[in-house]
Amino acid sequence: MEKHISRILIANRSEIAVRIIRACRELGIETVVAVSQADQDSLPAKIADRAVCIGSAPPAKSYLNVNTIVAAALGSGAQAIHPGYGFLAERPDLPECCERHGLIFIGPKAQNIRQMGDKLFARKMATSMGIPVIPGSELVSDVKKAKGVAEKVGYPVLLKAAAGGGGRGMKIVREPKDLSSNFQEASAEARTAFGDDRIFIEHYISNARHIEIQIIGDHAGNIVHLFERDCSLQRRYQKMVEEAPSPVLTPKLRKEMCEAALSIAGAIGYVSTGTIEFILDQDEGCFFFLEMNTRIQVEHPVTEMVTGIDLVHEQIRIASGQPVSFSQDQVEISGHAIECRINAESPDADFRPSPGMITKWDFPDGDGVRLDTHCYPGYTVPPNYDSLLAKAIATGSDRVEAIEKMQAALAGFKVSGIDTTTPFHQHILKNEDYRCNRVNTSWIENVLLKEYQSLSGGGK
Amino acid sequence: MNEINTDDVLQLLEVIRESTIDELCLELPPLKLQVNRKQKAQGDIDGEASGEEEGWVPIKAPVLGFARMSPLAEVNRVVNKDTTLCTIDVLGELHDVNTDYPCRIKKIFITDGQMVEFHQQIFSLEKIEQR
């Protein structure tokens, strides 16, 4: 049954809030943006039809408060809430609270979020469907047990926090003698970061690519994929450059991964946009299921640029009860797209955060380059949130052209007042290993950073 | 006659409140008391924090939520310390807005049931000095 949506509350900030406002305008939908006190002068607050102040700057006092967000939607006459990514996007209590108060949650069902948020459940489900998972264990509670599991799955191993994310509580152990100290450190980090020190152990794949499949499902049970993104360029498990399609995926592997992604999403009756993440072992030419993200991803624009499909439009339409607006046969990849995440960080000072006022902001978008941002001259980047300033997305007829367009855009990007990661992105784009696809998920940290620091005198 | 104290004023105002008096001007130096109960009917509840006067204290919403007004929240009413002027309801989480001192309610910026934003001004109060 279709439900009318004429006003949406956006429970997020920064570039994704701007992105959602733009999509709503294109669909003729009014927007109310929920802002913290620190964001009252932000671009989303200026361009939305209305901004409502939901609390003080710390996320726990504003963007992470489910009841406040739902009250803001009810009080401003919105029929639906878009959570963006991060904050409440993968909290099942938000869609549950929306349902209790007659609001539409623009995202997956609470049950979908809960199921896929439980990494062990997701892993078991994939295994039961014949989809390979990285050899590993269930939860390990002590060092003695960890040693036994590590021997069984084979070194090197990766210790991961059960409640983890963002690389915290993760340790690579290459030799048995290092297991004990790393296990204790990982547990302590996990306890500090997540209040949960449970750890599980996986075999560590050294020469890995991070490949993820974009899927989208509707209430009628239709699920389609929009092929893959390659997000292998990471620093401390944070993606820095993403592209679509992957430059290394064979047609056979692409087909297998897309089919696996559809199977997983289909098994849980997934609704809305979602991403199934895989690790590609470049030495063995095989892949493993990693996890599912039940939200719109930061890097969704590269998929939009090569498929011509607006994922935020689709999310909103599906939330209102409409079916996916295209069939699997209609999804084709055309050209190549690359995204650089421009952060307010100083690459010459070990990526130290660089909040402050932007005094100059001049980005040469157009000619195949899209900029998703909330920044403008005079905007003060607050210290309370993540450091993402903008996503530059370059699209070309092929990868070489996309890289060239990105290089031209970044060369012409003038920003003053704060430091950004742009010089480091330029360093990546001109590197021969990157251009020739000789990279993996640890290449930035193991190879490029050392080279960059020796050239720039950075990393102090 | 002894000097009038705050309790006397509060008692007097309670008598006036129970009465049908619309306007009263009482001068007992150094006290000057003016009561005008017509103002509210004339629409004294403003949507904006305008017309502030010196000495008025702005009271802001501690959270975003729906205002549930106390019957005591009336313009020109004098209230004691720790009086609940309104409660902000955030889906059942209740946050009382109380007075920190005896005061007169000078302005009310919201109506019952209205959504108030975080730190939105909801009252202007005038402190009544205790002797």
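Structure values in brief
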{"read-out": "Residue, modelled with the lowest pLDDT, within the range A:89-136, restricted to residues that are in a loop (DSSP other than H, G, I, E, B) and in contact with a Phe, Trp or Tyr (Cβ under 7 Å, 6 or more places away or on another chain)", "value": "A:134"}
{"read-out": "Listing of strands (runs of 3 or more DSSP E) fully contained in the range A:180-284 that carry 2 or more residues being free of Cβ contacts under 8 Å to residues at least 12 places away in the same chain", "value": "none"}
{"read-out": "Among residues of the range B:67-88, those that are within 14 Å of chain A (Cβ to nearest Cβ) and surrounded by fewer than 18 Cβ atoms within 10 Å (Cβ to Cβ), counted", "value": "2"}
{"read-out": "Top-ranked residue of the range A:39-69 - restricted to ones that are buried (at least 21 other Cβ atoms within 10 Å of the Cβ) and among the hydrophobic types (A, V, I, L, M, F, W, C), ranked as farthest from the other protein chains (Cβ to nearest Cβ)", "value": "A:48"}
{"read-out": "Residue ID - surrounded by the fewest Cβ atoms within 10 Å (Cβ to Cβ), chosen from residues in the range A:303-337 that are in a helix (DSSP H, G or I) and touching a Pro at 6+ places or on another chain (Cβ under 9 Å)", "value": "A:317"}
{"read-out": "Members of the range A:277-290 found to be under 19 Å from the mean Cα position of the chain (by Cα) and either aliphatic (A, V, I, L, M) or within 20 Å of residue A:241 (Cα to Cα) (or both), listed by number", "value": "A:277, A:278, A:279, A:280, A:290"}
{"read-out": "Filtered residue count, the range A:409-454, keeping only those that are under 29 Å from residue A:375 (Cα atoms) and part of a helix (DSSP H, G or I)", "value": "20"}
{"read-out": "Matching residues in the range B:94-120 - criterion: being within 14 Å of chain A (Cβ to nearest Cβ) and touching a helix residue (DSSP H, G or I) at 6+ places or on another chain (Cβ under 6 Å)", "value": "B:115"}
{"read-out": "Scan of the range A:172-195 for residues that are within 19 Å of residue A:120 (Cβ to Cβ) and touching a helix residue (DSSP H, G or I) at 6+ places or on another chain (Cβ under 6 Å), ordered by number", "value": "A:183"}
{"read-out": "Residue satisfying condition, being over 26 Å from residue A:268 (Cβ atoms), without any contact (Cβ under 8 Å) to a residue 12 or more places away in the chain and of a type in the set (A, V, I, L, M, F, W, C), within set A:48, A:60", "value": "A:60"}
{"read-out": "Candidate set: the range A:338-384, residues that are among the polar types (S, T, N, Q) and outside any strand (DSSP E or B); chosen: the one nearest to the chain's Cα centre (by Cα)", "value": "A:384"}
{"read-out": "Selection from the range A:228-237 of residues that are under 24 Å from residue A:250 (Cβ atoms) and surrounded by fewer than 21 Cβ atoms within 10 Å (Cβ to Cβ)", "value": "A:234"}
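The values are calculated or read from the model by the stated rules, or taken from the named source; none is laboratory data. Since we're looking at a predicted model, the values are computed, not measured. Every residue, glycine among them, receives a Cβ derived from its backbone with ideal geometry; neighbour counts consider all protein chains shown.
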